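First up is the structure itself, then whatever we jot down about it.
The values are calculated or read from the model by the stated rules, or taken from the named source; none is laboratory data. Everything quoted here is computed from the prediction, not taken from an experiment. Here the Cβ positions follow ideal geometry from the backbone for every residue, glycine too, while neighbour counts run over all protein chains shown.
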């Protein structure tokens, strides 16, 4: 007898992501094999792994049942495991008694929030699950990818063919490098600083935490300058900035607006803003979500890059980084049942955003005070 035999075998499903140019997938064949080994049934929509080169046959060999469409998966599964927030067509398929486990970012998305409340389903968000150190372990790998990408795409859009000023991030001997400002010394900010500094940019990191700035100073050996973040400090930096990367995160809540529209006039024409915080509403007042097929727009002469699923551009790396950390929680939900798993693990319980038609996460509740709960 298996020591981990589930209380009751669970039906688990994953579907092909339908957000624009999103190629990640919520479960890999390795995940399917582990879940099947624990006695659970796994349903995979045909083509779900196509974006990273995983065929239906590979999923089937791992123990999955392949269903022809998303409707079949939603109808068959008790637990839906995804990557991105459910789109309206997916929310319409949810029903009471089902649980959806994915990134949600509800505080900046009233339409999704209302839809999930109406569905009666239980919604658990990757981005608000915690660990013993107060970190966000299921957000971290995608923050790492997005932070590193932010420096790369910022460098790209500074180049003339992409609309920029024609500036090489690194400079060359005799010509100084670009000046890069990074707002937030969390996971994304540190990874953005690592890549930007590695590309020989002149990097300044802003944060309100002395300990984070001290850690960054030690980690980068002084190669990245640290500044206590304030509206005044940011505004003082903007006239010399070539690239600003916004990485500010308030767990579960909407991101604060740290660069206002009126501040754009301080910047050089065709400078670049990259808003990694766009999933949480963005930390620039002029930000709005974009997609990989139309990633930028211009406001007052400043290029904005605000793709809401940045890691989706590197789906192979991102899928395996994400599913490595989500699988233990999927197993807990499946093996114990959702109610017991949430009761047993306060860190998993911190991921609970919506249950029985009510908002239960404090930060999301604060964002929608009139929604009850």
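Observations on the model:
- Taking the numbered list (1) within 21 Å of residue 269 (Cα to Cα); (2) surrounded by 21 or more Cβ atoms within 10 Å (Cβ to Cβ) in turn, residue 176 passes all entries but (2).
- Taken residue by residue, region 254-268 has at least one member that is more than 28 Å from residue 209 (Cβ to Cβ) and surrounded by fewer than 18 Cβ atoms within 10 Å (Cβ to Cβ).
- Listed by position, the strands (runs of 3 or more DSSP E) enclosed by region 152-236 that each have at least 1 residues that are modelled with pLDDT of 95 or more and either farther than 22 Å from residue 303 by Cα or outside the structural domain of residue 263 (by TED's automatic domain parsing) (or both) are 202-207, 224-228.
- Of the listed requirements (1) in a loop (DSSP other than H, G, I, E, B); (2) modelled with pLDDT of 95 or more, residue 142 misses just one: (1).
- Residues in region 208-237 that are without any contact (Cβ under 8 Å) to a residue 24 or more places away in the chain and under 19 Å from residue 257 (Cβ atoms) were compared, and the one that is surrounded by the most Cβ atoms within 10 Å (Cβ to Cβ) is 227.
- The residues of region 47-65 that are within 27 Å of residue 119 (Cβ to Cβ), more than 24 Å from the chain's Cα centre (by Cα) and surrounded by 18 or more Cβ atoms within 10 Å (Cβ to Cβ), listed by number, are 59, 64.
- Of all residues in region 244-262, those being assigned to a loop (DSSP other than H, G, I, E, B) and touching a residue at least 40 places away in the same chain (Cβ under 8 Å) number 10.
- Out of 121, 64, 92, one residue alone is more than 26 Å from residue 354 (Cβ to Cβ), outside the structural domain of residue 191 (by TED's automatic domain parsing) and at pLDDT 95 or above. It is 64.
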